[in-house]
1. Quick one: in region 135-149, of everything that is of a type in the set (A, V, I, L, M, F, W, C) and open to solvent by less than 20 Å² (accessible area, probe 1.4 Å), which residue is nearest to Ser200 (Cα to Cα)?
2. Identify all residues within region 86-105 that are in contact with a Gly (Cβ under 7 Å, 6 or more places away or on another chain) and surrounded by 19 or more Cβ atoms within 10 Å (Cβ to Cβ); write none if there are none.
3. Let me confirm something: among Asp43, Asp52, which residue is under 16 Å from the mean Cα position of the chain (by Cα), open to solvent by 60 Å² or more (accessible area, probe 1.4 Å) and either modelled with pLDDT of 80 or more or not charged (D, E, K, R) (or both)?
4. Hey, can you tell me all the residues within region 83-104 that are in a strand (DSSP E or B) and either at pLDDT 90 or above or touching an Asp or Glu at 6+ places or on another chain (Cβ under 9 Å) (or both)?
5. Does Arg177 satisfy being more than 25 Å from Leu97 (Cβ to Cβ) and free of Cβ contacts under 8 Å to residues at least 24 places away in the same chain?
6. How many residues are crowded, with 18+ Cβ neighbours inside 10 Å and part of a strand (DSSP E or B) when one looks only at region 1-38?
7. Answer with yes or no whether Tyr187 is aromatic (Phe, Trp, Tyr) and modelled with pLDDT under 80.
8. Mind checking which residues of region 204-224 are outside any loop (DSSP other than H, G, I, E, B) and surrounded by 17 or more Cβ atoms within 10 Å (Cβ to Cβ)?
Amino acid sequence: ASGGHDQQLLVHSYSANQKSPSLSTTLSLQGMTNSVESIAFADDSSLLAAGDFSGMLCIYDVNAETSDQTSETTTSSKKRKTDKKNSSVSTKDLSPLHSNKLHVSAVSGIVFSADSKTLYSSSYDFSVRATDIPTQNPLLTLNGNKVATCLAKPTASSKEVLATGHADSRIKLWDMRVGVDAAAATYNSTLRPSHKGYISGLAFDPTDSFKLSSSSYDGRVKTWDIRCELPMHTIKAHNKDDGKA
């Protein structure tokens, strides 16, 4: 899936045919009212969530068959490298299952819970939210003191622990299994701000829920054991003047 500043949110299908690999657009997802800032699939890839710059968050069933909420259109695709002739692909317009303005500013990160029943989101409005997907009821709102620039969750376990990156170079950990007061008291107690720039990305190791990697505008990538306050490794991926990592 891909989204952009043109408010388009598209789902693509890739054919790995060795003789003629191809990429085609299969769904055009409706509902975005501003620049698309974040996208996430559920673990089973049936649900997709997207957030835009205005704080709007939409959830889609991307496995939905042609129905009242989808309409089929035919578009002309770009020329493939392996075929100089234009080809026609079938693209469906898909409306969201749920659409809600959960934040008052850009949605910077989205992740699904392990059972795909809860959606976690972070925003430039300093907050991290948990929302029940079937009912769209808010479950938990945690307020920080800095813009949240990215969000990550372990995939190797069912632990509802989140990591957020921030514009002040810090990485915060949130335990979503406890109440608001307990989570707020522990959110900044583990990882030191050893980066020297805006945190641009976070990702947990898919096989180890304690290992976290972070990238920053300081041009460095760091790996952490979230049980320790100092990073295990630092990679100088880019020069600071080259831009973000």
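The values are calculated or read from the model by the stated rules, or taken from the named source; none is laboratory data. None of the values given here were measured: they were computed from a predicted structure. Cβ sites come from the backbone with ideal geometry, for glycine too, and all protein chains shown count toward neighbours. Protein only, heavy atoms only, side chains kept; ligands, DNA and RNA dropped before computing areas. Shrake-Rupley method; radii C 1.70, N 1.55, O 1.52, S 1.80 Å.
1. Here is the first cut: in region 135-149, the residues of a type in the set (A, V, I, L, M, F, W, C) are 139-140, 142, 147-148.
Add one more test, that the residue is open to solvent by less than 20 Å² (accessible area, probe 1.4 Å), and what stays is 142, 148.
Details: Leu142: 21, Ala148: 10 Å.
My answer is Ala148.
2. Keep residues of region 86-105 that are in contact with a Gly (Cβ under 7 Å, 6 or more places away or on another chain), which gives 95-96, 99, 101-105.
Those that are in contact with a Gly (Cβ under 7 Å, 6 or more places away or on another chain) and surrounded by 19 or more Cβ atoms within 10 Å (Cβ to Cβ): Pro96, Leu102, His103.
3. Details: Asp52 fails: open to solvent by 60 Å² or more (accessible area, probe 1.4 Å).
Testing whether each residue is under 16 Å from the mean Cα position of the chain (by Cα), open to solvent by 60 Å² or more (accessible area, probe 1.4 Å) and either modelled with pLDDT of 80 or more or not charged (D, E, K, R) (or both) leaves just Asp43.
4. At the first step, the residues of region 83-104 found to be in a strand (DSSP E or B) are 83, 88-94, 98-101.
Those that are in a strand (DSSP E or B) and either at pLDDT 90 or above or touching an Asp or Glu at 6+ places or on another chain (Cβ under 9 Å) (or both): Ser90, Thr91, Lys92, Asp93, Leu94, His98, Ser99, Asn100, Lys101.
5. Numbers: more than 25 Å from Leu97 (Cβ to Cβ): yes; free of Cβ contacts under 8 Å to residues at least 24 places away in the same chain: yes.
Answer is yes for this residue.
6. Residues that pass the stated criteria total 8.
7. Numbers: aromatic (Phe, Trp, Tyr): yes; modelled with pLDDT under 80: yes.
Considered against the rule, which asks whether it is aromatic (Phe, Trp, Tyr) and modelled with pLDDT under 80, Tyr187 comes out as yes.
8. Let us first name the residues in region 204-224 that are outside any loop (DSSP other than H, G, I, E, B), namely 204-205, 208-216, 220-224.
Answer for region 204-224, where residues must be outside any loop (DSSP other than H, G, I, E, B) and surrounded by 17 or more Cβ atoms within 10 Å (Cβ to Cβ): Phe204, Ser209, Lys211, Leu212, Ser213, Ser214, Ser215, Ser216, Arg220, Val221, Lys222, Trp224.
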